[in-house]
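The block underneath contains the structure these notes are about, expressed in structure tokens.
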Amino acid sequence: MPSVLIKTYGCQMNERDTEQVASMFLAGGYELTDDEAAADIILINTCSVREKAELKALGKMGLLCSRPTAKPHVVYGFMGCMSQSRAHSLFRDIARLDVVTGTHQYHRVYELCNRLLRSRLGMNITEPIARGAHICSVQGEEGFQNKIKDHLPNPAGCSAFISIMQGCDMHCSYCIVPSTRGEECSRPAADILAEARELVSGGVKEITLLGQIVNRYGKDEPLVGGRSAFVRLLEALCEIDGLERLRFTSPHPIGFREDLVRAYTYLPKLCSHIHFPMQSGSDRILQLMRRPYKHEKYERLCAAMREARPDLAITTDIIVGFPGETDEDFRLTVEAVERIQFDNAFVFQYSPRRDTPAAVMDAQICLRVKEERNHALLEVVNRIATARNHALVGTVQSILVEGPSKNNPLRLQGRTSQNKPVMIPTGSASIGSIVPVHITECTGFTLYGDVQA
Ligand code: SAH
Ligand code: SF4
Ligand code: F3S
């Protein structure tokens, strides 16, 4: 049986896309492997959001392609965002590379790679591919968003992602995503509901809806009873019997209206966690970032959501060292973090991306200042996050038990509705169940506890 190895860099959307590709290989009679020496096809699903992500994928593929021990027929391919933005030029970077497929072409990866492998193995196929041929498939395709719908059969899996929309029309000045993922396009609600029902009937308890600006789902549809297409989708999903938890990521302050805030009051399956990117606490920087709202609106939304759902955990993304960011702008960001009290935050150093307006702005910030700000902000973020986790010691939290802990086989790992990881003793609950856990301890970001009788 031929085997395929797929490595994924990037966001949850990429993980989801990888799953689609993997399930097509399984259906085609391949097995999935982690063994680099055994794989007949090696694919890397790539991310372009920061330079580091690209370097990581290029470095890894370079190493894989130069292994002297590799079987000569192995097919090497890049998929996803870096493929989309660098396309043909990747063949110059890595001579041994065979296939480059873009973000609208995930549904073709299996067919292209399979054909190439069979050609190389001299198998009888109708259209053999010449040795040394480069396959580059990065064209846009209408309706591609409806083709990311297959899931891996995973009997222990209790949590799944569903991509409900693709692309982004916002064009933040620092961001490459609109050019790698294309324009916003949403899937029909009926398809999403059918996918969710099927997952739930297979044992899934928790679904996370994915989109670059997930709350702009169906943005062209009219409001019904004051509720957007996104809120109506949340409502419909919450009605599925057997679905216990619903999450979504990432929302944006634009299009985040009262109806979505209110959803937290009447949809108990909607989890008490939101990952809500802030980017900066300075209006001047938000404007340079082309984020079309004032920071005050962001804080107002956080407060309104916490009023609707008092135990809501809020996590965020923040960029430090955006061009022109002064000490004063940075101070506003730190103060915002102190006021909002995030449960956690990803802090990113600004990374100039090709063909984005911010990359050519004056007043680029030097690496040393970026690093200093990154370090200073992380200290604040970590202090607040740790304090918020410690405050949970002594409480009882419902956790969805996901499986064995990666670090300690004597523990099971689950997550609270607030998305915090909790360790419990092995054997104290079954995988896929939701159990009340008395939190007894907290180290850094991990909670420990015992299942209540
Ligand atoms: N669509 C999501 C974000 C996707 S990218 C949203 O808008 O909410 C994830 C995060 O990467 C962003 O929130 C931002 O903080 C960060 N990011 C994007 N471009 C970046 C860049 N050029 N340099 C550093 N961080 C960046
Ligand atoms: Fe990038 Fe901004 Fe779109 Fe998010 S909203 S994907 S940060 S352009
Ligand atoms: Fe990266 Fe593409 Fe996701 S650039 S963050 S993998 S949408």
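No value in this document is a laboratory result; all are computed from the given coordinates. As the structure is a prediction and not an experimental result, all values here were calculated from the model. FYI the Cβ positions are ideal-geometry reconstructions off the backbone, even for glycines, and counts take in every protein chain you see.
Tabulated data for the structure shown
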quantity	calculated
Trypsin sites (Lys or Arg not before Pro) restricted to the stretch 195-251 and DSSP loop, no more than 16 other C-beta within 10 Å	219
Cross-link reach list, aspartates and glutamates versus residue 297, counting only Cα pairs under 12 Å and skipping chain neighbours closer than eight places	283
Net length gained if the chain between residue 92 and residue 141 were fully extended (0.36 nm per residue, minus Cα distance)	15.1 nm
Farthest positive-ward along the chain dipole, Cα basis, beta-carbon charges - from 160, 427, 97	97
Simple spin-label estimate for residue 34 and residue 339 in nanometres, 7 Å along Cα-Cβ	4.5
Simple label model, 7 Å out from Cα along Cβ direction - residue 220 to residue 346, nm	2.9
Fewest-first ranking of 34, 362, using other Cβ atoms within 10 Å as the exposure measure	362, 34
Footprinting exposure proxy for 101, 426, 416, 126 (fewest neighbouring C-beta atoms within 10 Å first)	126, 426, 416, 101
Fraction of antiparallel bridges per DSSP, the chain only, in percent to nearest 5	35
FRET efficiency, 1/(1 + (r/R0)^6) with R0 51 Å, evaluated for residue 27 and residue 383 via beta carbons	0.55
Proximal lysines relative to residue 71, as straight alpha-carbon distance under 25 Å, when same-chain residues fewer than 8 apart are discounted	7, 56, 60
Sites residue 183 and residue 453 - FRET efficiency at Förster radius 45 Å, r taken between beta-carbons, to 0.05	0.25
Magnitude of the charge dipole, the chain, Cβ model with Lys/Arg +1 and Asp/Glu -1, debye to 20	540
Residues 451, 100, sorted so that the one with the fewest Cβ neighbours within 10 Å comes first	451, 100
Approximate spin-label separation residue 284-residue 440, in nm, with each point projected 7 Å along Cα-to-Cβ	5.3
Over the chain, relative contact order from alpha-carbon pairs under 8 Å, at least 6 apart, %	10
